[in-house]
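One structure below.
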Amino acid sequence: MDSQTDAILFHLLTAQRIASLGTLRGGIPNVSMVLFAASPDFQHFYLHMSRLAQHTQDLLSDPRAGLMVSEPDERMKDPQTLARISMLGEVVKLDQSANGAFSKAREAYLLRFPQARANFLLGDFSLYAFEVESARFVATFGKIFNLKPGDLKRVAENG
């Protein structure tokens, strides 16, 4: 990818705040909307979710998931040219006692969603990290890239 394409991806992952999360519910795809915050190196995407949510229950039985972030459709251009990234990976629950990882993730999440502070006090909410294994990035129509975690890290570092 060139620097202009890197900039499109960097902007997409830092400007957007919602994603589509795909989980497996009894072996059938289940897609829902989630709020996310990216780690500074784009290796993890933090999700603060209630244990009561279907997608959280799905992840507790099978941590494999997909996460898609898309540029919003503002009806200004052909929707097939919207920038978007579909990531495959696993979701892991972050342990509050884990060597600073939880605190850094919580800080990143609250920086993006300060109104969620009260939810961290609720017993059914936990912080999770979507760990990227691979991704497919569509920068615009016909400009498509298969990415690995190292590619996302490079984009984050050069952002």
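Distance between the modelled labels on L111 and M33, one decimal in nanometres: 2.5 nm (7 Å Cα→Cβ projection). Comparing Q57, Q115, Q16 in a Gaussian network model of the chain (Cα springs below 10 Å), the most mobile by mean-square fluctuation is Q115.
Okay, helix-only estimate at 222 nm for the chain: each DSSP H run of n ≥ 4 adds -39500 (n - 2.57), divide by all residues, round to 500 deg cm²/dmol; what do you get? Provide the component values of the computation, followed by the final result.
Working: 4 runs with 43 residues, N = 159.
One gets -8000 deg cm²/dmol as the mean residue ellipticity at 222 nm.
Solvent-accessible surface of segment 42-142, averaged per residue with a 1.4 angstrom probe and all protein chains in place: 56 square angstrom. For the chain, the longest principal axis of the Cα atoms and the long axis of helix 101-112 meet at an angle of about 60 degrees.
Restriction of the trypsin sites (Lys or Arg not before Pro) in segment 59-110 to DSSP coil positions whose beta-carbon has at most 13 other beta-carbons within 10 angstrom yields R75, K77. Helix 3-15 axis versus longest C-alpha principal axis of the chain: approximately 30°, rounded to the nearest ten. Our note on the geometry: Cα centres of segment 39-54 and segment 116-159, 9 Å apart.
Would you mind telling me which residue in M68, M76, M87 has the biggest mean-square fluctuation in a Gaussian network model of the chain, where springs connect alpha carbons within a distance under 10 angstrom? Result: M76 has the largest fluctuation of those listed.
Here the contact order of the chain, divided by its residue count and restricted to Cα pairs under 8 Å and six or more residues apart, works out to 28 percent. Assign one of three labels to the chain, namely rounded, prolate or oblate, based on the Cα gyration tensor with a ≥ b ≥ c the square roots of its eigenvalues; rounded applies when a/c is under 1.5, prolate when it is not and a/b is larger than b/c, and oblate otherwise. Judged from the Cα gyration tensor, the chain comes out prolate (a/c at least 1.5, a/b above b/c). Against the chain, whose longest principal axis is taken from its Cα atoms, helix 149-158 shows a tilt of about 70°.
Within the chain, what whole-number % of the accessible surface is contributed by carbon and sulfur, with the 1.4 Å probe and all protein chains included in the calculation? Display every interim value, and only then the final one.
On the way: 4760 of 8950 Å².
Here carbon and sulfur together make up 53 percent of the probe-accessible area.
The values are calculated or read from the model by the stated rules, or taken from the named source; none is laboratory data. Remember, predicted model here, so these are calculated numbers, not experimental data. Cβ: placed from backbone, ideal geometry, glycine included. Neighbour counts: every protein chain shown. Quick note on the areas: whole protein, heavy atoms, side chains included, nothing else; ligands and nucleic acids left out. Shrake-Rupley method; radii C 1.70, N 1.55, O 1.52, S 1.80 Å.
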